[in-house]
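K.L.:
Mind having a look at this structure? Questions to follow.
The values are calculated or read from the model by the stated rules, or taken from the named source; none is laboratory data. Not measured: the values here are computed from a predicted model. Cβ atoms come from the backbone with ideal geometry, glycine included; neighbour counts cover every protein chain shown. Surface areas here come from the heavy atoms of the whole protein model, side chains and all, with no ligands, DNA or RNA. Shrake-Rupley method; radii C 1.70, N 1.55, O 1.52, S 1.80 Å.
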Amino acid sequence: MEGNPYAPGAGRVPTVLAGRDRETGRFVELLDELVTGGSERSLITVGFRGMGKTVLLNRFEILAEQRGCVTQYCEPDDDATLSTVITRAASRLLGALKLSRRVQAAVSERLSVLEAFALEESSSGLRLRLSANIDDRSALANDMTAVLIEIGQAAREKNTPAIFLVDEMQAVDLDELKAFLVGLHRVTQLQLPLVLVGTGLPQLPELIAKARPYGTRMFDFFPVGCLDRASCEDAIRGPAKTKGVEYTRDAVAELVGLTEGYPYYVQIYGRHVWKAASAAPITLQEVTEAAPLARAEMESGFLAGRLGETTDAERAYLLAMAQLTDTCDIEHVERGSRRRASFDMRATRESLISAGHICLEDGGRLSFTVPGFGDYVVRRLDSDLSARG
């Protein structure tokens, strides 16, 4: 059938965003407060990869702009630190607020004394640039605070809330996170209409607490995970309904089992099932025909990419985990790993957790964060590592 309504991809907002009403509702409350002249705590969604955190962030951006807010999306990484991306976003927010010449001149004068940032004037307004070789972290914190306050005050004067949208926050440098939290904390104290809405892996709250003792009190944290059965059914049925197409009950039940409620998988399977279907309703037979193609796409792209990020030691650890079913605790995993290779077990485990490949549950049990990854690891690595060992 034509006009495929399913949208697998990194951060692509699906036709129907199912199972995220709580998070969306909280963001709408935040917007309600901001646009009526109030201030609000910032908001962060946390979860493993493929759960739809960036999808939510993109959805929030749309909602915010519909309410008249100015927003700037940024994503720190190895090539662009938090300070760098925030500096660029701050420049764009100041430009989006369309300051009068008088206000712009006053802001320029106040920011001209900063050590951590260089100020330039362009046809689009003020432009901030991170100064080279900033080693004084206290200067960075003080100057970051000054910049955020200027944005917040300009937003209040223009009666236009400003929002930083920051993806993948777990990737930030701790010192730079400290500086940003100092500034955001002061903005909150002054009740300025400037907030951060971010995403990160589950370790992000711990990282924020490490950066500043008061850090976690500055945010509302919303964990996002796999969809429950009802939400998964909505995510499967909803996009098709927008095209006037229904599924048979057994087809939906099969897709719920195949995807295990993992949002990214719902979109991949949905896309392939739609391609396989010739007419409504979509049947179990068409799901069965499409499943191998969906699985092949997952494995050749998403799962292969995740495994490709790992070191030899991490792969040996993952294989030892994947070969255990009922007793996937740390002791059993690391005993199995030692049979194959000698490496620092604790460092390897912590590296895998930090990257979001595995998680440590209550009672010291380990689990994979992506459905089907363990089976994929066994098929890919078992024979190869056995031959080496």
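K.L.:
Ignoring ligands and nucleic acids, what accessible area does MET218 show with a 1.4 Å probe (Å², nearest 10)?
P.N.:
MET218 has an accessible surface of roughly 10 Å² with all protein chains in place.
K.L.:
So if each residue of separation counts as 0.36 nm, and I subtract the Cα-Cα distance between GLN66 and CYS359, what length gain in nm does that give?
P.N.:
Fully extending the segment from GLN66 to CYS359 adds 101.8 nm.
K.L.:
Carbon and sulfur together cover what percent of the accessible area of region 275-380 at a 1.4 Å probe radius?
P.N.:
Working: 2590 of 5290 Å².
Heavy-atom surface of region 275-380 belonging to carbon and sulfur, 1.4 Å probe: 49 percent.
K.L.:
Also, I was wondering about something else. What accessible surface, in Å², does a 1.4 Å probe find on VAL16, ignoring ligands, DNA and RNA and rounding to the nearest 10?
P.N.:
40
K.L.:
Within the chain, what's the longest run with no chymotrypsin sites (Phe, Trp or Tyr not before Pro) in a DSSP loop and at most 16 other beta-carbon atoms within 10 Å? Give the range, please. List each step's numbers first, then the result.
P.N.:
Numbers: sites that count: TYR214, PHE343.
Here the longest run is 1-213.
K.L.:
Below 20 Å, Cα to Cα, which lysines can LYS243 reach? Residues fewer than 8 away in the same chain don't count.
P.N.:
Hits, sequence-local ones excluded: LYS275.
K.L.:
I need to check one value: relative contact order of the chain, counting alpha carbon pairs closer than 8 Å and at least 6 residues apart, in percent.
P.N.:
Working: 606 pairs, mean separation 75.5, N = 389.
That works out to 19 percent.
K.L.:
Hey, another quick one. Less than 29 Å apart at the alpha-carbon level, and either on another chain or at least 8 residues along: which lysines does that give for LYS158?
P.N.:
LYS158 reaches LYS98, LYS178.
K.L.:
State the Cα centre-to-centre distance between region 216-242 and region 135-206 in whole Å.
P.N.:
Between the Cα centres of region 216-242 and region 135-206 lies a distance of 27 Å.
K.L.:
Given +1 on the Cβ of Lys and Arg, -1 on the Cβ of Asp and Glu, and no further charges, what dipole in debye does the chain carry about its Cα centre, rounded to the nearest 20?
P.N.:
Details: 45 positive and 54 negative charges, 114 e Å.
It works out to roughly 540 debye.
K.L.:
Here's another thing I want to ask about it. Whats the longest run of the chain with zero GluC sites (Glu not before Pro) that are DSSP loop and have at most 15 other Cβ atoms within 10 Å? Walk me through the numbers on the way to the answer.
P.N.:
Values: sites that count: GLU2, GLU115, GLU246, GLU260, GLU309, GLU361.
Looking at the chain, 116-245 is the longest stretch - no exposed GluC sites (Glu not before Pro) with at most 15 other Cβ atoms within 10 Å.
K.L.:
Set the Förster distance to 25 Å, then compute FRET efficiency between GLU206 and ASP79 from the Cβ-Cβ distance, nearest 0.05.
P.N.:
Details: r = 25 Å, r/R0 = 1.00.
Efficiency at R0 = 25 Å is approximately 0.50.
K.L.:
Looking only at region 358-378, which residues have a backbone nitrogen under 13 Å from a spot 7 Å from the Cα of ILE330 in the C-beta direction?
P.N.:
Backbone N within reach: 359-367.
K.L.:
Rounded, prolate or oblate for the chain? Axes are the square roots of the Cα gyration tensor eigenvalues, ordered a ≥ b ≥ c, and the cut-off for rounded is a/c under 1.5. Before the final figure, lay out the partial values.
P.N.:
Numbers: a/c = 2.50, a/b = 1.44, b/c = 1.73.
Because a/c hits 1.5 or more and a/b fails to exceed b/c, the chain counts as oblate.
K.L.:
For ASP382 and GLN189, what does the FRET efficiency come to when R0 = 51 Å and r is the distance between their Cβ atoms, rounded to the nearest 0.05?
P.N.:
With a Förster radius of 51 Å, E is 0.35.
K.L.:
Then there is this: If I fit a long axis through the Cα atoms of helix 229-241 and take the longest principal axis of the Cα atoms of the chain, what angle between them do I get, 0 to 90°, rounded to 10?
P.N.:
80
K.L.:
Roughly what % of DSSP beta bridges within the chain run antiparallel, to the nearest 5? Intermediate values should be presented prior to the final figure.
P.N.:
Working: 10 of 30 bridges.
Within the chain, antiparallel bridges account for around 35 percent of the total.
K.L.:
Pairs of Cα atoms under 8 Å, at least six residues apart: use those to get the relative contact order of region 1-117, whole percent. Mind dumping the intermediate values first?
P.N.:
Values: 63 pairs, mean separation 23.2, N = 117.
Relative contact order of region 1-117: 20 percent.
K.L.:
State in Å² the accessible area per residue of the chain; use a 1.4 Å probe, count heavy atoms of protein chains only, and round to the nearest integer. Let's see the in-between values first.
P.N.:
Values: 17800 Å² over 389 residues.
Roughly 46 Å² per residue, with all protein chains present.
K.L.:
Before anything else, pin down the relative contact order of region 1-57: Cα pairs under 8 Å, at least 6 apart, normalised by residue count, whole percent.
P.N.:
Details: 31 pairs, mean separation 23.5, N = 57.
Normalised by residue count, the contact order of region 1-57 is 41 percent.
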